[in-house]
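Peer 1: This is the structure I want to talk about, given as structure tokens.
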Amino acid sequence: VQLQAYGGGLVQAGGSLRLSCAPSESIFSFNALGWYRQAPGKQREMVAAFSPAGSTNYLDSVKGRFTVSRDNAKNMVYLQMNNLKPEDTAVYYCKHRPNWSNRGYWGQGTLVTVSS
């Protein structure tokens, strides 16, 4: 299972970025699917994720600014990030745990840097 994440970059505070993730396995059904991030010196944390039941969960600090979405036909997962803040600076990872797997798989990460 491979995941390719891209779309990161350098943006000023208040700007927007859209991250994309292309899992090699179908996302039509899954046990875990979403975006995580890891800032320097900090633990990796969930940013936005789908639950198998169909709901979405967000890190409190990104609610109202970030939106996770997916396109089953294209097998793509997206993270739209608006009103970015310097504290959003991190490497962002896409995670996918197919419904046939008992482990999750991670993409290579894409760096988001927000300047003040």
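The values are calculated or read from the model by the stated rules, or taken from the named source; none is laboratory data. Only a predicted model underlies this, so the values are computations on that prediction, with no experimental measurement involved. Because the Cβ atoms are built from the backbone with ideal geometry, glycine has one as well, and the counts that use them run over all protein chains shown. Heavy atoms of the whole protein, side chains included, go into the accessibility calculation; ligands, DNA and RNA do not. Shrake-Rupley method; radii C 1.70, N 1.55, O 1.52, S 1.80 Å.
Each row is one residue, and each column tells you yes or no for (1) touching a helix residue (DSSP H, G or I) at 6+ places or on another chain (Cβ under 8 Å); (2) surrounded by 13 or more Cβ atoms within 10 Å (Cβ to Cβ); (3) within 16 Å of LYS95 (Cα to Cα).
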position: GLY7; (1), (2), (3): no, yes, yes
position: SER24; (1), (2), (3): no, no, yes
position: GLN38; (1), (2), (3): no, yes, yes
position: VAL47; (1), (2), (3): yes, yes, yes
position: SER51; (1), (2), (3): no, yes, yes
position: THR56; (1), (2), (3): no, yes, yes
position: PHE66; (1), (2), (3): no, yes, no
position: ASN72; (1), (2), (3): no, no, yes
position: VAL77; (1), (2), (3): no, yes, yes
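Peer 1: Scanning for something of a type in the set (Ser, Thr, Tyr) and farther than 19 Å from ALA5 by Cβ, does the range 69-84 turn up at least one residue? Please lay out each step first, then the result.
Peer 2: Residues of the range 69-84 of a type in the set (Ser, Thr, Tyr): 69, 78.
Add one more test, that the residue is farther than 19 Å from ALA5 by Cβ, and what stays is none.
No, the range 69-84 contains no residue that is of a type in the set (Ser, Thr, Tyr) and farther than 19 Å from ALA5 by Cβ.
Peer 1: Still on this structure, I have one more. Among residues belonging to the range 79-116 that are among the charged types (D, E, K, R) and part of a loop (DSSP other than H, G, I, E, B), point out the one that is most open to solvent (accessible area, probe 1.4 Å).
Peer 2: Per the stated criteria, the residue is ARG103.
Peer 1: Same structure, new question: Could you say whether any residue in the range 34-49 is of a type outside the set (Gly, Ala, Ser) and in contact with a Pro (Cβ under 9 Å, 6 or more places away or on another chain)?
Peer 2: Looking through the range 34-49, none of the residues is of a type outside the set (Gly, Ala, Ser) and in contact with a Pro (Cβ under 9 Å, 6 or more places away or on another chain).
Peer 1: Here's a follow-up. List pairs: first in the range 40-56 and more than 14 Å from CYS21 (Cβ to Cβ), second β-branched (Val, Ile, Thr), Cβ under 9 Å, 6+ apart or cross-chain?
Peer 2: Qualifying pairs under 9 Å: PRO40/THR89; PRO40/VAL91; ARG44/VAL91; THR56/THR67; THR56/VAL68.
Peer 1: Scan the range 34-50 and tell me whether some residue there is hydroxyl-bearing (Ser, Thr, Tyr) and assigned to a loop (DSSP other than H, G, I, E, B).
Peer 2: Residues of the range 34-50 hydroxyl-bearing (Ser, Thr, Tyr): 36.
Narrowing the set further to residues that are assigned to a loop (DSSP other than H, G, I, E, B) leaves none.
No, that holds for no residue.
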